[in-house]
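To start, the structure under review is shown below, and the notes come after it.
The values are calculated or read from the model by the stated rules, or taken from the named source; none is laboratory data. The structure presented is a predicted model; accordingly, all values stated were derived computationally and were not measured. With ideal geometry, Cβ positions are generated from the backbone for all residues, glycine too; neighbour counts draw on all protein chains shown.
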Amino acid sequence: MIATKKLHDALYWKKVTGTEKIQCVLCPFNCILVEGKVGICHGKQNTGGKLYATNYGKTTALACDPIEKKPLYNFYPGTRILSAGPNGCNLRCHFCQNWQISQETARTINVTPDDMVSSALREGAVGIAYTYTEPLIWFEFVLDTAKAAKAVGLKNVLVTNGLINEEPLKELLPFIDAMNIDIKSMDDGFYKKSVRGL
Ligand code: SF4
């Protein structure tokens with residue numbers, strides 16, 4: 001694996017007019033960050049007045065899973081898919097089964113988009129699943145990897161809570177072949193109380 005040490009620019013953010021703060025506009029939390037602060041998801045940081053994707057190229061796991069585990073039942077059934085996911089999440093579900101990586105900071109391995117594509121091809125996987133925690137907060141890495149994967153005929157799958165703003169979603173969607181959007185509840189109150197959503 002090739003180490004990715006350089007800070008990677010985040011794609012969706014803006015300066016807050018008349019202040020030293022910046023605002024991440026990737027997901028509906030729209031975190032406003034002073035110098036040095038990280039967003040709710042722990043994947044973006046204001047460093048020197050710029051927003052960086054500190055989770056770029058860092059995966060908590062890299063495994064080839066049955067596609068039914070994503071769980072997708074009617075999308076290339078019987079195949080396996082290379083699966084990866086970052087530390088962090090923009091929700092705080094008390095029932096999260098992957099809390100050690102979504103709410104805590106677990107050890108990661110460094111990968112590049114090319115590493116991901118090579119691994120998927122070597123394993124004979126149908127594609128790459130961005131999963132385990134919340135892949136939309138891994139936006140910059142998912143976008144680069146999904147483009148590289150699609151270019152060689154691999155499929156891209158998102159297993160997500162669906163929390164993303166419209167503009168970045170539109171940029172990513174052309175490279176995504178399937179999604180499992182994990183709705184926690186149809187009750188807005190549940191989102192506010194139990195998962196600290198919007
Ligand atoms: S992606 Fe992270 S830093 Fe950006 S708005 Fe969402 S929770 Fe905040």
Quick check: anything in the range 46-56 within 16 Å of residue 145 (Cα to Cα), more than 16 Å from the ligand (Cβ to nearest atom), part of a loop (DSSP other than H, G, I, E, B) and not aromatic (Phe, Trp, Tyr)? no
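Per-residue answers, yes or no, for (1) surrounded by fewer than 18 Cβ atoms within 10 Å (Cβ to Cβ); (2) touching a residue at least 40 places away in the same chain (Cβ under 8 Å); (3) assigned to a strand (DSSP E or B):
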{"site": "7", "(1), (2), (3)": "yes, yes, no"}
{"site": "29", "(1), (2), (3)": "no, yes, no"}
{"site": "63", "(1), (2), (3)": "yes, no, yes"}
{"site": "88", "(1), (2), (3)": "no, yes, no"}
Scan of the range 102-141 for residues that are polar (S, T, N, Q) and buried (at least 20 other Cβ atoms within 10 Å of the Cβ), ordered by number: 102, 131, 133
Number of positions in the range 121-160 that are part of a helix (DSSP H, G or I) and touching a residue at least 40 places away in the same chain (Cβ under 8 Å): 8
Would you be able to tell me the number of residues in the range 125-157 that are closer than 28 Å to residue 40 by Cβ and in contact with a Cys (Cβ under 7 Å, 6 or more places away or on another chain)? 4
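Test residue 43 against the criterion of being touching a Phe, Trp or Tyr at 6+ places or on another chain (Cβ under 9 Å) and closer than 24 Å to residue 167 by Cα, and give yes or no. Quick ask: steps written out before the conclusion?
Working: touching a Phe, Trp or Tyr at 6+ places or on another chain (Cβ under 9 Å): yes; closer than 24 Å to residue 167 by Cα: yes.
Yes, satisfied.
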Yes or no: residue 160 at pLDDT 95 or above, in contact with a Phe, Trp or Tyr (Cβ under 9 Å, 6 or more places away or on another chain) and either among the hydrophobic types (A, V, I, L, M, F, W, C) or under 17 Å from residue 87 (Cα atoms) (or both)? yes
